[in-house]
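**Q** Got a structure for you, written out below as structure tokens; questions coming shortly.
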């Protein structure tokens, strides 16, 4: 097991380096003056430009720039945004909000997805299953921003059950509707994944043997079917956390949640290159680490993997 | 004896002998058939033929195929569906936010443009981006995945690492970053968007292709082909690829839907297609501001978008069920 | 002696059957409508008795037995008839009643040891939950006792391991332990050893016999092997296409089969055939007379030279164990033998013996680590790619799995034509003619050409594979377990076909198999391999009459039916 963990960790390093290198390369190394590009469509402010040139060490060779940039990440010195505020401080404000949102979405999609998926799988072909299949298909098919607007309009504006936009405090209660919107697509996916997994395992030989042993149906479902079916589902959920953090950009835009996605959106539309790069880098790091954790989780759930050479 | 087998001697106890009758079934009731006769009654049916036979009966397939045909028709010949061409007929501010009127079934946007016409004419750009992105992704991802899966070794190792790196950048984020580049800020067309989406979309197809190829390459019929003299590359093209197509087709169909959504999302974020190009994403973004007062200009393109994406995903689902190897194997 | 045995004896004395199946009909609901899998099935099992149900695939033997424990798959149901367990009709019993009966009254040992144990729970856990669910003490000592009674050494430690850490035989012992842990009165054993190596099979079955005799458990044994059934059971029930065609005491059934199907089975079962030949030899009858008759005894090649010579062949695989280290695994260790033209040489071994690796090297699909393969006087390692291409015309394979050896996307015509096209032989018309000829040679109708593999049965696909192998007019055919996946009657057909083709075309066969009984029927020479080494080699007669090595003796002993006293067919004709 220890060698497995070590191996996965070592594989993580080149991936992180590669991804950040790719981002850095895309922004700073392609033809054209990157500082001018960072201003986007706005006129170039010379003072800011000079400061940025110094900040990004543009007089140094590419590799030095990149290494200094990496050093900055690990010392939390991510430079300053266009209004002069340290980006690290900005991120410190917005990440907890998005984290809260993402975790709530994850809980929603996990709990409901697994329960509904289990029931649908056990009652394959019956009414509940058919309904759930059609509903999940619709949810997956409708793009998240459409769903977001729809729910915001009906539940927030028309019915008034929840606040259509989130306050700056972003309490847990405020975030319920956005969390549901964010998690809806993944919820449908978790549901289908659980259902497929349950159906596959239901017909497995070892389930038949378990029944032949004289175990009660409840025990067979809980100990044998569910436990084995959850393996792919839980690994998906682990990977989804990283994806949720990155994908919250649309949801936060719609509901005006003061989180990472919103800040990123503003940075993108207002052309704040450095902020964009920094935020994307941190998101990549989170994604890569969560993938590592998922691999470890998978090994813990499935004993066969631990002994894989 | 090896330690794991501890079978001692069988005891010599035997039960009392009982007379057991010898039963023989009536020959007429249990006729013998010739061993292993070939069924000659039906027409020949390949796996694809069988899948098609099953598909034709599925309502999921019929509905989605019909919808897709409608969408394709609209994107190719929009003028057949809408008398008004939004490009030539200017929007009239006088009609701002007006409701449905004669000849304008879905009302007007805040700018005074006909919603219905914009929805119809906006179909083409979304479908074009989705289609060509899928083709690009299939080409690049398919080739990379097939080579990595078939030849293995260092080709596979390098591809796996590249794959991991690109996976770390989710589609939207990667597109956002790339859109920062001066070359892309200056020219924003459907083709640059396709290029960017392909760049971040190919890893998924590569991974599916690789998985499918790895599964097929160890099959006996591939070894049989090699033993009769087919070259390694020949076996890949003539035997492995045709048998790997099923999962690739399913994923490609679903991805088409995903790419249409991606285009709309990016346009909605303001970094997709330029505002001058008519697209659903742009329309949704423009109608966002007046959502509270007049939700319809936002909802109609959203509905069109949803129906289109849904039909591709439904089609992918139906194909997956029809081509499922577990259902195929007897 | 425990109480259950006394109870059995009481039941036996009363004469009431423990399990009685009367006029049972089972149907399945499929997308094509209702399918009757079993009709008018009936059998009786007395307490303590062992009854075997024998049949090919599709005969309904497993379905009938599973109905007794209420484990029909979701779309199956008992349409008519009764299943009387100790007088109680359980065919339509409530799930609650079935749960009560399962485990402590009726137990089951399934076929495939890998897929029947849950991979994510420890073995001890899976035993413990059985004991607990049936109201028996389930502490660690009880679990260890159950496992060691089934023949697992070091049971206490093994209970803490996962299924994938066990070997196949050990897993099956664990399953037997689970099945018998609550001392049921009836044990349903569904092909309990078919997935295991031959020598392990005998040990496990012997142990199962011992345990069930001690406990007084009645056994319903399901198998496709008539020899095994006759050896292990007091009574044999033969099923064909969902119906019981014959039933009676095992020896009587073998010596005097009445129903035509049973007669066919007795004639084709390799283990019995091999025993017949053996017995005949002891009486001095020549073995050729007992094999299925060949068509015409055409003159095979008169050149008795050696077409294939294997000299000191070895293959070492490097297994990577992480961080750049690797261990060496010797699959084939210094193997030498030769194959005479026009004969059949069999390589026999269990899993891991290296026999398939030898076949792959002979086919030039795998490079040897050391040693030589000399084909028709030429060392195959010296061939350049053009020469290898020509070599491939002369040596062709037939593989084991009929469901994997034909490309599902190609129709039969394209499959058989492919070798001709690859070697650019003839034009379109002559190739079509050749394909038709080949289909005739393997006794398949011409219409098969347009069909696809998914429309054919396993035996038919193997015949297509044979036709494909013959397309290039090869000299040597490597049969890698070519009949192992086929039903008994179909297997006999294909073996006959192969023998026929050999005498007509002068082919040389290298026959890889794990089944010594099949070897007796078709091979002239035998090479026995164990763990990569060649243990014994010689003519079939020599090896069977006077085996020299212990391993060979163990293999011969393991043939089911080896202990049966069976008079030669000549005497019963």
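Every number in this text was worked out from the coordinates using simple rules, so none of it is lab data. Remember, it's a predicted structure, so these values are computed and weren't measured experimentally. Here the Cβ is made from the backbone with ideal geometry for all residues, glycine too, and neighbour counts use every protein chain on show.
**Q** Enter the mean number of other protein chain beta carbons within 10 Å of the beta carbon of each residue in B:257-267, as an integer.
**A** Shielding by partners across B:257-267 averages 2.
**Q** Based on the Cα atoms of the protein assembly as shown, what semi-axes does the equivalent ellipsoid have, where each is the square root of 5 times one gyration tensor eigenvalue, given in whole Å with the largest first?
**A** 63, 36, 31
**Q** Output the relative contact order of chain B, whole-number percent, from Cα pairs under 8 angstrom with separation of 6+ residues.
**A** 22
**Q** Does the range C:450-519 come out rounded, prolate or oblate, given a ≥ b ≥ c as the square roots of the eigenvalues of its C-alpha gyration tensor, rounded meaning a/c under 1.5 and, failing that, prolate meaning a/b above b/c?
**A** oblate
**Q** May I ask you to derive the FRET efficiency for residue A:168 and residue B:160 from their Cβ-Cβ distance with R0 = 45 Å, giving the value to the nearest 0.05?
**A** 0.55
**Q** With a Förster radius of 51 Å, plug the Cβ-Cβ distance of residue C:22 and residue C:327 into 1/(1 + (r/R0)^6) and report the FRET value to the nearest 0.05.
**A** Taking R0 as 51 Å, the efficiency between residue C:22 and residue C:327 is 0.30.
**Q** Now, a different point. With 5 Å bins from zero, work out the P(r) of the range B:34-172 over every alpha carbon pair and list the percent per bin.
**A** All Cα pairs considered, the percentages come to 2, 8, 9, 10, 9, 10, 10, 11, 9, 8, 6, 4, 2, 1, 1, 0, 0.
**Q** What is the packing order of peptides C:231-239, C:415-423, taking the mean over residues of other C-beta atoms within 10 Å and listing the highest first?
**A** Top to bottom by mean Cβ count within 10 Å: C:231-239, C:415-423.
**Q** Same structure again: Which value, in nm² and rounded to one decimal, describes the direction-averaged projected area of the C-alpha convex hull of the range B:227-306?
**A** Its Cα hull, projected and averaged over all orientations, spans 7.7 nm².
**Q** Across the Cα atoms of chain C, what radius of gyration and what greatest pairwise Cα-Cα distance (Dmax) are found, in Å?
**A** 25.8, 79
**Q** To the nearest Å, what is the center-to-center distance of the range A:127-150 and the range B:102-180, using C-alpha atoms only?
**A** 22
**Q** With contacts defined as alpha carbon pairs under 8 Å and 6 or more residues apart, what's the relative contact order of chain C in percent?
**A** Here the relative contact order equals 15 percent.
**Q** Counting pairwise Cα distances across the range C:172-241, what percent come out greater than 15 angstrom?
**A** 52
**Q** Sort out for me the Cα centre separation of the range A:168-231 from the range C:88-154, rounded to whole Å.
**A** After rounding, the separation between the Cα centres reads 26 Å.
**Q** Calculated FRET efficiency, residue C:92 and residue C:548, Cβ-Cβ r, R0 56 Å, to nearest 0.05?
**A** 0.45
**Q** By its C-alpha gyration tensor, with a ≥ b ≥ c as the square roots of the eigenvalues, how is the range B:91-175 shaped: rounded for a/c under 1.5, else prolate for a/b larger than b/c, else oblate?
**A** prolate
**Q** For the protein assembly as shown, what proportion of DSSP beta bridges, expressed in % and rounded to the nearest 5, is antiparallel?
**A** About 60 percent, rounded to the nearest 5.
**Q** Given the rule -39500 (n - 2.57) for each run of at least 4 DSSP H residues, summed and divided by the residues of chain C, what is its mean residue ellipticity at 222 nm, to the nearest 500 deg cm²/dmol?
**A** -11000 deg cm²/dmol
**Q** Another question about this same structure. Send over the semi-axes of the range A:89-130's equivalent ellipsoid, whole angstrom and largest first, taken as the square roots of 5 times the C-alpha gyration tensor eigenvalues.
**A** The answer is 37, 6, 5 Å, longest axis first.
**Q** Moving on. Return the whole-Å distance between the Cα centroid of the range C:325-398 and the Cα centroid of the range C:190-252.
**A** 38
**Q** Within the range C:242-259, name every residue whose backbone N is under 16 Å away from a label modeled 7 Å from Cα of residue C:40 along the Cβ vector.
**A** Within reach of a label on residue C:40: C:242-247, C:259.
**Q** Mind ranking A:5-18, C:463-476, C:446-459 by how tightly packed they are, going by the mean number of other C-beta atoms within 10 angstrom, highest first?
**A** Order by mean packing, descending: C:463-476, C:446-459, A:5-18.
**Q** Right, another one. Could you calculate, for the range A:99-240, the ratio of the Cα radius of gyration to the Kirkwood radius, expressed as Rg to Rh?
**A** Here the Rg-to-Rh quotient is 1.08.
**Q** OK, next. Counting other beta carbons within 10 Å of each Cβ, put B:151, A:69, C:261 in order, fewest first.
**A** Placing the least packed residue first, the sequence is B:151, A:69, C:261.
**Q** Based on a Kirkwood Rh over C-alpha pairs, give the Stokes-Einstein translational diffusion coefficient of the range C:485-537 at 20 °C and viscosity 1.002 mPa s in µm²/s.
**A** This corresponds to a translational diffusion coefficient of 172 µm²/s.
**Q** With label points built 7 Å along Cα→Cβ from the Cα atoms of residue A:68 and residue B:28, find their separation and express it in nm.
**A** That separation, rounded to one decimal, is 10.2 nm.
**Q** Ok, one more. Beyond 20 Å, what share of the Cα-Cα pairs of the range C:34-125 remains, rounded to the nearest whole percent?
**A** In whole percent, the long-distance tail amounts to 44.
**Q** While we're on this one: Rank these for me by crowding, C:250, A:167, going from fewest to most other beta carbons within 10 Å.
**A** A:167, C:250
**Q** How high is the relative contact order of the range A:85-212, in percent, counting Cα pairs under 8 Å that sit 6 or more residues apart?
**A** 42
**Q** Moving on to the next point. Any idea how far apart residue B:195 and residue B:73 come out in nm if each label point goes 7 Å out from Cα toward Cβ?
**A** Taking the simple label geometry, residue B:195 and residue B:73 are separated by 3.6 nm.
**Q** Here's something else I'd like to know. Can you give the average number of partner chain beta-carbon atoms within 10 Å of each beta-carbon in peptide C:99-105, as a whole number?
**A** 3
**Q** For the peptides C:95-104, C:49-58, C:424-433, B:212-221, what is the packing order when you average, over each peptide's residues, the other Cβ atoms within 10 Å and list the highest mean first?
**A** Put in order of decreasing packing, that is C:49-58, B:212-221, C:95-104, C:424-433.
**Q** How many percent of the alpha carbon pairs in the range C:423-573 exceed a separation of 26 Å?
**A** 39
**Q** Something else about it: Could you work out the mean count of beta carbons from other protein chains within 10 Å of each residue's beta carbon in B:306-316?
**A** 3
**Q** Could you tell me what a quarter of the Cα convex hull surface of the range C:1-159 works out to, in nm² with one decimal place?
**A** Quarter of the Cα hull surface area: 11.6 nm².
**Q** Sticking with this structure for a sec: Can you sort B:48, B:280 by how many other beta carbons sit within 10 Å, fewest first?
**A** B:48, B:280
**Q** Turning to a different aspect of this structure: Provide, as a two-decimal number, the C-alpha radius of gyration of the range C:87-214 over 2.2 N^0.38 Å, N being how many residues it has.
**A** Normalised Rg, Cα atoms only: 1.03.
**Q** While we're here: Looking at chain C, send over the antiparallel percent of its DSSP beta bridges, to the nearest 5.
**A** Percent antiparallel among DSSP bridges in chain C is about 55.
**Q** Let me ask another. Using a simple spin-label model with points 7 Å from Cα along the Cα→Cβ vector, what separation in nm is obtained for residue C:423 and residue C:167?
**A** Between residue C:423 and residue C:167, the label points sit 4.2 nm apart.
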